[in-house]
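Each reported figure results from applying straightforward, stated rules to the coordinates on display, with no laboratory input. If you're wondering where the values come from, they're calculated on a predicted model, not measured in any experiment. With ideal geometry, Cβ positions are generated from the backbone for all residues, glycine too; neighbour counts draw on all protein chains shown.
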Amino acid sequence: MTASHNELLKSVEAGKAKVAIIGMGYVGLPLSLAAIGAGFTVYGIDVNAPRVDGLRKGKSPIRTVKDSEVAEANATGRFLPETDFSKMADASLIIICVPTPLTRNREPDLSYIESSAEEIAKTLKPGQLIVLESTTWPGTTQQVVKPILEKTGLKADKDFFLAYSPEREDPGNAVYTTKKIPRVVGAASKEAQSIAAAFYGRIVDKVVLVSSTETAEAVKLTENIFRSVNIALVNELKMIFTRFGIDTHEVIDAASSKPFGFMPFYPGPGVGGHCIPVDPFYLTWKAREVELPTRFIELAGEINLYMPRYAIEVLTEALSRELRKGLHGAKVLLLGLAFKKNIEDVRESPALRVFELLKEKGADVTFYDPFVDELPHHHMPAAIAGEKSIIWDKSKLKSFDAAIILTDHDDIDYGALASEIPVIVDTRNAMARKNLASDKVFPA
Ligand SMILES: NC(=O)c1ccc[n+]([C@@H]2O[C@H](COP(=O)([O-])OP(=O)(O)OC[C@H]3O[C@@H](n4cnc5c(N)ncnc54)[C@H](O)[C@@H]3O)[C@@H](O)[C@H]2O)c1
């Protein structure tokens, strides 16, 4: 162990080290707050100047973190939101939490990680620990981040330390908060691993060490591929069971009584969010390098991508049967556009695809989402960019021919839907859970 390692380890164990966290989004901001809670001083670095400005004024950019939590962090004097990357020179730990999307050709877009690494390299100094948290293909830390940092002449695991720790944040989950979710940490050297473990050990209840950064990267992809494949499976079963007149949710609930060997997953209108529709394809891309196919991943993607069309098929049949109407010109209300309940995140949400497809087919579509006032203009299909949520007014519901429940937010008056709208397509089993199932509710 070197003197710089010992010194850093001691300051981390004492919660005294300064930490720079790059990316103040769903992952980086809760991590920053948890680190501040554990005594660390945190530079919250982001390229988005209005976001940084808002944080300095106690304004949270995401609904799952309250303004008051940001204000409390500010009040400690240890939260320092910044657009100036040179402040990283003052930090002992630097954690990268930037986006890892797919390009238009559905290939990994590592540009955010690369530009973060370039910025770190500008002020890299001996004794710093760099941790990558963004979800990515196995090998990114060693094959992409390390070479950029080593261009400085400093060597990994000799001069500076490098680790990977996948983020498992579940925004909006009140039970499994940052602190309660065990952390996996992988590093190429014992020194790097011990500092990273000491840091995460101060902010979460449990740290799980693995033997390398590649293993830690693979852990995250395995978790997300597992979800994608199982959601696809249950979506496929749903389509079959529904045709047989069997209630899929009743099946899942009863199957869940088996105390071993079964784990419930629930069907829906597809998969959404930053992770499940995107991350599995990071492995698909990397597997091509060794000429191996990823058939499960592709099949799951195919089934999940089909689900918005399935919801529309169910709607078309229901309109024709109940109202003798076609989709064209039908007045349809979409309920919930966020990719999951009680949050505002619409990234990759399958509800957007339903919205777009219905418009394409000539339906008269509007939406209501208590968390989404307006769809953004960027990264949004032109047909629905800028669309605004209706203001909830029970007296106006009667004008709709049909509603499709796409996100089962708690704050929706399901009773009003049941009493006012003649056709309800339910992709989330929301009506049955409220004891509002009837012959005008169509599971999809
Ligand atoms: N959101 C989740 O629930 C979740 C869960 C687990 C893992 N992840 C992974 O964590 C990573 C971050 O995701 P997120 O949801 O926090 O993203 P996000 O879009 O909410 O936040 C990213 C932040 O990074 C900033 N940013 C972009 N480029 C930057 C750069 N070059 N330098 C500094 N800041 C930059 C953006 O302005 C934004 O504030 C991704 O790899 C994602 O797959 C996300």
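Around the amide H of Ala383, modelled in the peptide plane, lies no amide H under 5 Å away from a residue 5 or more places distant or on another chain. Near Val365, the amide H atoms lying under 5 Å from its own belong to Val332; only residues 5 or more places off or on other chains count, and H is placed 1.01 Å from N. Modelled this way, with points 7 Å down the Cα-to-C-beta line, the labels at Ser257 and Asp393 are 4.8 nm from one another. In segment 302-361, the alpha-carbon atoms span a convex hull of 91 Å³ per residue.
Considering segment 235-443 at the alpha-carbon level, its Rg and Dmax are found to be 17.7, 60 Å. Protection proxy ranking of 380-389, 397-406, by the mean of other Cβ atoms within 10 Å over each peptide's residues and highest first, is 397-406, 380-389. Peptides 301-313, 36-48, 203-215 ranked from most to least packed give 36-48, 301-313, 203-215, packing being the mean of other C-beta atoms within 10 angstrom over each peptide's residues. Take every Cα pair under 8 Å in segment 318-433 that's 6+ residues apart, average their separations, divide by the length, and report that relative contact order as a whole percent. Rounded, it is 30 percent for segment 318-433. Taking the average, over residues, of other Cβ atoms within 10 Å as the packing measure, peptides 111-124, 284-297, 5-18 rank 111-124, 5-18, 284-297 from highest down.
Of all lysines in the structure, those lying under 21 Å Cα to Cα from Lys146, and not within fewer than 8 positions of it along the same chain, are Lys87, Lys122, Lys125, Lys155, Lys158, Lys190, Lys220, Lys286.
The translational diffusion coefficient of the chain, from Stokes-Einstein at 20 °C and 1.002 mPa s with a Kirkwood hydrodynamic radius over alpha carbon pairs, comes to 91 µm²/s. Can you tell me what percent of all Cα-Cα pairs in segment 85-178 are more than 15 Å apart? Considering segment 85-178, 61 percent of its Cα-Cα pairs are separated by more than 15 Å. Across all directions, the average projected area of the convex hull around the alpha carbons of segment 305-425 is 6.7 nm². 3J(HN,Hα) along segment 123-132, derived from phi through the Karplus expression 6.51 cos²θ - 1.76 cosθ + 1.60 where θ = phi - 60°, amounts to 10, 4, 9, x, x, 7, 10, 10, 10, 9 Hz, with x in place of Gly and Pro. Each residue, Glu322 and Phe265, gets one label point 7 Å from its Cα in the Cβ direction; the gap between the two is 2.9 nm. Residues whose amide H comes within less than 5 Å of that of Val184, counting only those at least five positions distant or on another chain, are Val208 (H built at 1.01 Å from N in the peptide plane).
Here the sum of -39500 (n - 2.57) over DSSP H runs of 4 or more residues, divided by the residues of the chain, equals -12000 deg cm²/dmol at 222 nm, to the nearest 500. Spatially, segment 388-406 and segment 73-96 are offset by 45 Å when compared through their Cα centroids. With kT/(6 pi eta Rh) evaluated at 10 °C and eta = 1.306 mPa s, and Rh the Kirkwood radius from Cα pairs, segment 3-211 diffuses with a coefficient of 94 µm²/s according to Stokes-Einstein.
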